[in-house]
1. Here's a check for you: in segment E:176-211, which residue that is in a strand (DSSP E or B) and away from ligand 5 (no atom under 16 Å from the Cβ) is nearest to residue D:126 (Cα to Cα)?
2. Would you mind finding the one in E:131, E:137, E:163 that is at pLDDT 90 or above and in contact with a Leu (Cβ under 6 Å, 6 or more places away or on another chain)?
3. Taking the stated definitions as given, is residue A:119 open to solvent by 10 Å² or more (accessible area, probe 1.4 Å) and among the β-branched types (Val, Ile, Thr)?
4. When you scan segment D:149-161, do you find a residue that is buried (at least 19 other Cβ atoms within 10 Å of the Cβ), within 16 Å of ligand 2 (Cβ to nearest atom) and facing another protein chain (nearest Cβ under 10 Å), even just one?
5. Return yes when residue C:103 is open to solvent by less than 40 Å² (accessible area, probe 1.4 Å), more than 10 Å from chain B (Cβ to nearest Cβ) and farther than 23 Å from residue B:243 by Cα and no when it is not.
6. Restricting to segment A:283-303, name every residue that is open to solvent by 30 Å² or more (accessible area, probe 1.4 Å) and within 15 Å of the chain's Cα centre (by Cα).
7. What residue, among those in segment C:174-213 that are assigned to a loop (DSSP other than H, G, I, E, B) and either touching a residue at least 40 places away in the same chain (Cβ under 8 Å) or among the small types (Gly, Ala, Ser) (or both), is nearest to the other protein chains (Cβ to nearest Cβ)?
8. List the residue pairs whose Cβ atoms are under 8 Å apart, where the first residue sits in segment C:251-273 and is within 12 Å of chain B (Cβ to nearest Cβ) and open to solvent by 20 Å² or more (accessible area, probe 1.4 Å), the second is in a helix (DSSP H, G or I) and polar (S, T, N, Q), and the two are 6 or more positions apart or on different chains.
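The values are calculated or read from the model by the stated rules, or taken from the named source; none is laboratory data. All values reported here derive from a predicted model rather than from experimental measurement. With ideal geometry, Cβ positions are generated from the backbone for all residues, glycine too; neighbour counts draw on all protein chains shown. Ligands, DNA and RNA are excluded from the accessible area calculation, which covers all protein heavy atoms including side chains. Shrake-Rupley method; radii C 1.70, N 1.55, O 1.52, S 1.80 Å.
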Amino acid sequence: FLGFLVGCGNEGGSSLAKPTVNADTGEIGEPEVEDVTLRLNWRFKGEFAPFYVAQEKGFFEDYGLNVDVLEGNGSTSVMQTVAQGQDDLGITSTVEPAQGVEEGMPITMIATYMNSSPIMIASHPDTPVATPADLEGKSIAMAIASTFTNIFPRFLDEENVDATQVEAVQVEASARNGLFLGKEVDAVAIFSTNELPVFEQELGYELTPLYLSEYQFDLAGLTVIGNNQFLNDNPNTAARFLAAMDEAFRYTLDHVDEAVAISAERFSDAVDEEVVRKQLLLLEEIAQFDSVPYGWIEEENIAETLTILEGSGLISDKQDAEAYFTNEFFQLDQ
Amino acid sequence: MQTKTETTWMKQAKQKNVKRIQIPHSLWAGFTLIGFFLVWQLATMLLAIPQYLLPSPLIIFTRVLSESQVLLSHALTTLAEVGLGFALSVSIGIPLAIAIVYSRYLANALYPILIAIQCIPMVSIAPILVIWFGYGLTTKILLACLISFFPIVINAVTGFRSLDKDMHDLGRSIGISEWKNFFYLRLPNALPHLFGGIKVGVTLAVVGAVVGEFVASERGLGYLQLTANARLDTPLVFATLFTLALIGMMLFGAVQLLERWLMPWYSANKAGG
Amino acid sequence: MQTKTETTWMKQAKQKNVKRIQIPHSLWAGFTLIGFFLVWQLATMLLAIPQYLLPSPLIIFTRVLSESQVLLSHALTTLAEVGLGFALSVSIGIPLAIAIVYSRYLANALYPILIAIQCIPMVSIAPILVIWFGYGLTTKILLACLISFFPIVINAVTGFRSLDKDMHDLGRSIGISEWKNFFYLRLPNALPHLFGGIKVGVTLAVVGAVVGEFVASERGLGYLQLTANARLDTPLVFATLFTLALIGMMLFGAVQLLERWLMPWYSANKAGG
Amino acid sequence: MTTSLELQHIGKVYQTRTGEVQALSHVHLSIAPRSFVSIVGPSGCGKSTVMRIIAGLEQPSTGSIKKNGEDLKNHRDDMAVVFQKDVLLAWRSVLDNVLFPIEIKHGKKQKKATVDKAMQLLKSVGLEGFEQKYPHELSGGMKQRVAICRALIQDPQLLLMDEPFGALDALTREQMMYDLLRLSDTYQFTTVFITHSIEEAVFLSDKVVVMSGRPGSIVKEIPSTLSRPRNGDTRKEPEFTEHVSAIRSIFQTQGILAEA
Amino acid sequence: MTTSLELQHIGKVYQTRTGEVQALSHVHLSIAPRSFVSIVGPSGCGKSTVMRIIAGLEQPSTGSIKKNGEDLKNHRDDMAVVFQKDVLLAWRSVLDNVLFPIEIKHGKKQKKATVDKAMQLLKSVGLEGFEQKYPHELSGGMKQRVAICRALIQDPQLLLMDEPFGALDALTREQMMYDLLRLSDTYQFTTVFITHSIEEAVFLSDKVVVMSGRPGSIVKEIPSTLSRPRNGDTRKEPEFTEHVSAIRSIFQTQGILAEA
Ligand SMILES: Nc1ncnc2c1ncn2[C@@H]1O[C@H](COP(=O)(O)OP(=O)(O)OP(=O)(O)O)[C@@H](O)[C@H]1O
Ligand SMILES: Nc1ncnc2c1ncn2[C@@H]1O[C@H](COP(=O)(O)OP(=O)(O)OP(=O)(O)O)[C@@H](O)[C@H]1O
Ligand SMILES: Cc1ncc(C[n+]2csc(CCO)c2C)c(N)n1
Ligand SMILES: [Mg+2]
Ligand SMILES: [Mg+2]
């Protein structure tokens, strides 16, 4: 009976139906459904601007879709609602779907818009942590039970840092922020595309950055996951969604001011325009898609993520990378 | 409010002797609150507590005023959730309390489940509810209901059980059904207990709704607080908390008014204090 | 337990007539709980509810047993926080209730602050406490105290105010100080109310401690739940919640035992039910 | 048909934490339909217990009660009780307290229809003008009178009264005695009346039951042969004095009354 | 020195939701030290109110009370009250209820030292063997006796009793009357005694105060010139019958007692 549960539906991308493409025009076949829900993994922040831009500028409409972009509460919840089919598509980091697939969730990653991890350690310039070795003798605050917290021991180990020399303070996110801003701790683990500009604006000076991705700790982020059933039934819709997002990302990064304005309009109570602008600029740094459409998933990227997760004990039964993701919904030759 | 002037004989005597002009108690209370805010204001100024840790009351009030439109509109959303959740809570809780009072079997079977619900933090339950009931209103109503449920049931059970044997015998001697006995004797007799539970419950319902908004919402004071927090806009966070407190006081006050109105006979029979 | 056999005259009569072998109520209650778990088990099996959404009770129990050492050691941490926080809560709450009962001024000045604390979700207060009091035991104790405080105070105030005028007059006629009046009359008379508040409070204290662990901890059931959640280990999450519920039931049961022991006279004077 | 009651060898044991208390032992008593039976006896002898057993509020430990020959277990229909303590409802006005049994048994409509009767009753016990007051605004005797009105308004077939006139002054008491006699004549109900006043018992009753204490049992039943209707002259009948002194002497031999 | 009390033109108005109730009007009364004063009057005339005002439990609306010539506002030291309702504490045994004033005023140690006296008192009111019972395990009259013991154990200088014997049978009543007289002789306390029994009032008192109803006022004070100590023969004194009929006739002219 347990096998029955685990066995259901995680064959991954390779087994899904493929979208139909007109060989001449390169046009994607008619969408199977037009109404789609996309569940974000948090309330509005800069990196979500492209999804709202796609709505406001009519990119979804251009592709014959009506996408409802909804705010959410963390990657795990998003993944669970997508797995259940409550939502068609969702935004998570790569960590949660990697775990979810192992748990037998019928989901597949179909795009990831940060091919470099935003996870970083920021520190006050007077107590700088510029390299992993700088951590020794310092204190660092991190969100309790977060991805960073889980991979941190392995990171220290890999970089030959003496863990006993590092005071790791595990607290809830806003307590973490308070401790760092109040200089109770020297450094803090955050997302560059989220907290960094907020902190810098509040403190009025630049923080010393240390990106984990520069030390082979690259966990891709801003990943689109889809419900397998949904993807299998509506391959054209999925492909159209990704195509629309490709245009939307391009447009957003080219027209940051307009994207900020759209965001400020949509979330008048929740948005600081200056912060969103900086968040978008930082997003541009880690969203590098030169010869491929925005969201294209590099297999090695996923493989690296899985290796880190396995090394940190977050997954135990690593499968082939194909079990987790697919690029089938991208039209390369546009 | 007879008892007010009769609280204790010592006071009474004093009042008779020293009929000086009295500042109403509520005014004094206002002064205390103002004093509290003054100390807070001075502390933030003298200790130079940074704004993102603890804003001064002045900043908070300024913010409350400047954002009053925003706060009000979000507050209405929250209030609606609280109202529905609390109504659900009362309308399930009281019948459940009745069931528990009349059936030792149900008491034994339900108490463990109720305690379980009560001991599991709403922040743990909330994500599960989101998965089962979605991101909509239902989840928030359910959270407000679940969190305010227990004090209402516990107090109602205590209250319903507190009927004097004499009164119960009176009902029996008239030969009425236990149902009428309940309605005419147990219920009015339990009112002080019931209101105790409802006062705790209604404030908890606010917490439930806000926790619901933390996990699933695009409106409401919980949402506002969350987004303000993400922007490190601590004054707005505190302005939101202040609004929450205000809502709580209003609801509590409303319950207290209802209590006075429904039980005018009560204070006259009690020693007051 | 006289009332047990006297609940209502209808029951009484029935008992006299049909003296059949009776299964104790508590056993029936156990059956119900078992039935509940059975339905749950069948539902997860028949509806093929995946483990990551809702594990079956069998899986949860297996997990509880296999991890009993881990759960126990974390539970002890949580229990210590609950105990200290709740003790603090009672030892501040009851005196505060006394102050409120005797001073209309304090009632007016303190109620708003109490309601404010009550209406602001602990998850909002928790980060501030971490910054002020550090990420050690203090924060968790304070959270357990703050959350369980209000029901204790509200119920105590209602209870202390519920002294019959007759009894108060008796005290006055003996010429005792209001302090002794309180100790000998108001306090015993308020016990049923007090225990109502304490029952609600003790379970809330569990929630407070767990929320504290969510915010800052390296041990305790809250921490365990959080890490299990981070690893998508849903069975362990539920095993933790199960342990929490168990702790709550134990604490509630302990309070109920204490209540019976302190108020043997109570049930004999009441109609029961 | 009105109620005939038969108490057969009733015993009652109360369980207390300090052991059992034998309150009654072999109480054997028959109450004829439409009769007026008084129970007298020392304090604590079990009078209230007998009444509570008749009312069905307490189950006898041994023995049984028969109503019109049939075993009686549950509540007795058409019964009204005046308790030793006036159990008034603090949240109801005097009028609403009196109308309480009507409202609860027959609904609001019937309650409204009975208001006049309630006012009449209240007036007859000297509580005119107090209809809208609350119990805590009454004196002890006034409360007791309200409790009596609450029983009488039910037009019971069986009226049980536990020291109903204890807190009343002589005149009010006298008036209420006459009211009671008139009502029981009119409506032909059966009355069981507990009192500490031997004169009251003899004056009112068809039968006076004398109980002795702990465990309570019936020492003697004295049928009262006074002429009916009872009035101011009743006390002057030679039988009145006879009965009174008969009961007195029983109490004296039982050591319940000191020799004069 | 024991208490001498002076009630000067006392008036009392109760505020109720349905308007004011004038309970007392110009009650003027002096109570000599060590004297035994009874108050009789119809139900609801304000006897309890007078007693509560003397006890300091209620403030007069007009007038004042003087104790030994001084204005009296607060609690009266060395006072004990028997209330119309036995206000027993449900959570205390009979013995602990009796010892309650001692424990509360003088502490646990003194309480222990007074146990024997309490047992003695309980025995004298016929409650031997009930010391460890709880109030709900007692009959109405037994409760009243416990309340009386609770007052007497305080050795008060001023004893206020509101219909203390209402629920007692004739013998117990008689015994308690003698006990009361003996105690007040021994300890020389002042007693204010409310009763509905004119005989009781005359038998016990140095002065009988007759009140008339609504608003309550004093119609007459009748000094009782019966010889002391009072005993079985007192009732046979011609003055006894004289006083009783004097009071009866006042009541009759006031319409409080029907003409015989
Ligand atoms: N609930 C109870 N539990 C234990 N004992 C009780 C209970 N009720 C009455 N008793 C005992 O039963 C005996 C008879 O009590 P009951 O109330 O019938 O007396 P009574 O004749 O009505 O006395 P009174 O004239 O004083 O009211 C007493 O000894 C009393 O202590
Ligand atoms: N707390 C109160 N509020 C309003 N009215 C009251 C209150 N207490 C007493 N009264 C009124 O005052 C009057 C006198 O009451 P009191 O209790 O003194 O009478 P009493 O002489 O003791 O009567 P009884 O013999 O029936 O006990 C009554 O009319 C009563 O309604
Ligand atoms: C109450 C609370 N829960 C989770 C997070 C963590 N968090 C912050 S941003 C984000 C989305 C991923 O980028 C997540 C999960 C938080 N800060 N506060
Ligand atoms: Mg009795
Ligand atoms: Mg009175």
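1. E:208
2. Selected residue: E:131, the only one of E:131, E:137, E:163 that is at pLDDT 90 or above and in contact with a Leu (Cβ under 6 Å, 6 or more places away or on another chain).
3. yes
4. No, the conditions are met nowhere in segment D:149-161.
5. It is false that residue C:103 is open to solvent by less than 40 Å² (accessible area, probe 1.4 Å), more than 10 Å from chain B (Cβ to nearest Cβ) and farther than 23 Å from residue B:243 by Cα.
6. A:284, A:285, A:288, A:296, A:298
7. Across segment C:174-213, the extreme among qualifying residues is C:175.
8. Close Cβ pairs satisfying both conditions: C:251/C:203; C:267/C:3; C:270/C:3.
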